[in-house]
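Data block below; observations after.
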Amino acid sequence: MRRVVGHGDRRWRARRRRVLWSGGELLVTVGVVLMLLVVHQLWWTNREAKQGAERKVEALEQEWGRSGGSGSSGAEGKRAAGAAGSSSSGGASGSGRRQTSYTPVRASQAYAVLVVPRLGLRVPVAEGVSKPDVLNHGYVGHYPGTQQPGQEGNFALAGHRNTHGEPFRYLPRLRRDDTVEVETRSATYTYVVDQILPQTSARDSGVIRAVPRSVVKPSYGYTEPGRYITLTTCTPEFTSRYRMAVWGKLASVRPRG
């Protein structure tokens, strides 16, 4: 016998089809939105930040070229060279030797250029590690409270591993004896990579102390004062669970002009 389908059954099936169709449309819409967000994060923010960082490097170099490294800036570079020479000839200590002086830098102000030949990296250094004001612009940020280039202590920097210019994406490629340069208005400071801490806690404050040494993995770091540079970033990629650190020692200073 043929089953008799009532109006109620037809209405229920039609309602179910509409619900399924609407649900499918919603899922497709959500998928498209998520894909656009991923594209924005992984492509657009990188493109925008990298271009902005390149323009800032050019602007700094033009500004320094006009100043010509003369006057107080040139004197600062010579003082830095003298300090580095004393440090290299007398070991890492050097307490009591003349220190490199710096004009106070405003928060978020770009004032130096970090150059890492192995990575093909040339990126502005700005004061502070704020994401919206510094790191998300594709810059490398200077940890407040740490020293400046050439000074005794630790010149500590942070940069994004992924998105927003990702200047430190290939930081794990650095090897011992690689060079890292910091260009300023007055001088170029060359550091040599000495130690690499592949992974530590994001709260490991020891890596940016004046004498850097991991408090989580004490076998990594130093025990004596010196002129250090620290590069930090998130690890593994696309997470912020851990940090890695690359440490270097000041090898030479070349005054501008």
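Numbers below:
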read-out: Candidate set: the range 177-206, residues that are buried (at least 19 other Cβ atoms within 10 Å of the Cβ), under 17 Å from the mean Cα position of the chain (by Cα) and hydrophobic (A, V, I, L, M, F, W, C); chosen: the one farthest from R254 (Cα to Cα); value: L197
read-out: Hits in the range 142-157 - residues which are under 17 Å from P124 (Cβ atoms) and crowded, with 24+ Cβ neighbours inside 10 Å; value: H142, P149, F155, A156, L157
read-out: Residue identified as among the hydroxyl-bearing types (S, T, Y) and more than 13 Å from V125 (Cβ to Cβ) among Y170, Y189; value: Y170
read-out: D133, sole failed condition from (1) within 27 Å of Y222 (Cα to Cα); (2) part of a loop (DSSP other than H, G, I, E, B); value: (1)
read-out: Members of the range 207-230 that are under 18 Å from the mean Cα position of the chain (by Cα) and either surrounded by fewer than 18 Cβ atoms within 10 Å (Cβ to Cβ) or not polar (S, T, N, Q) (or both); value: V207, I208, R209, P212, Y228, I229
read-out: Inter-residue pairs, beta-carbon under 9 Å, first free of Cβ contacts under 8 Å to residues at least 60 places away in the same chain and within 16 Å of Y242 (Cα to Cα) and in the range 212-224, second hydrophobic (A, V, I, L, M, F, W, C) and surrounded by fewer than 19 Cβ atoms within 10 Å (Cβ to Cβ), 6+ apart; value: Y220/I196
read-out: Residue count for the range 136-175, restricted to those that are modelled with pLDDT of 95 or more and either of a type in the set (V, I, T) or part of a strand (DSSP E or B) (or both); value: 10
read-out: Index of the failed condition, A83 passing every other in (1) modelled with pLDDT of 95 or more; (2) crowded, with 18+ Cβ neighbours inside 10 Å; value: (1)
read-out: Options T230, T200, T188, T223: the member that is in a loop (DSSP other than H, G, I, E, B) and at pLDDT 95 or above; value: T223
read-out: Candidate set: the range 103-122, residues that are of a type outside the set (A, V, I, L, M, F, W, C) and outside any strand (DSSP E or B); chosen: the one farthest from A158 (Cα to Cα); value: T103
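The values are calculated or read from the model by the stated rules, or taken from the named source; none is laboratory data. None of the values given here were measured: they were computed from a predicted structure. Cβ: placed from backbone, ideal geometry, glycine included. Neighbour counts: every protein chain shown.
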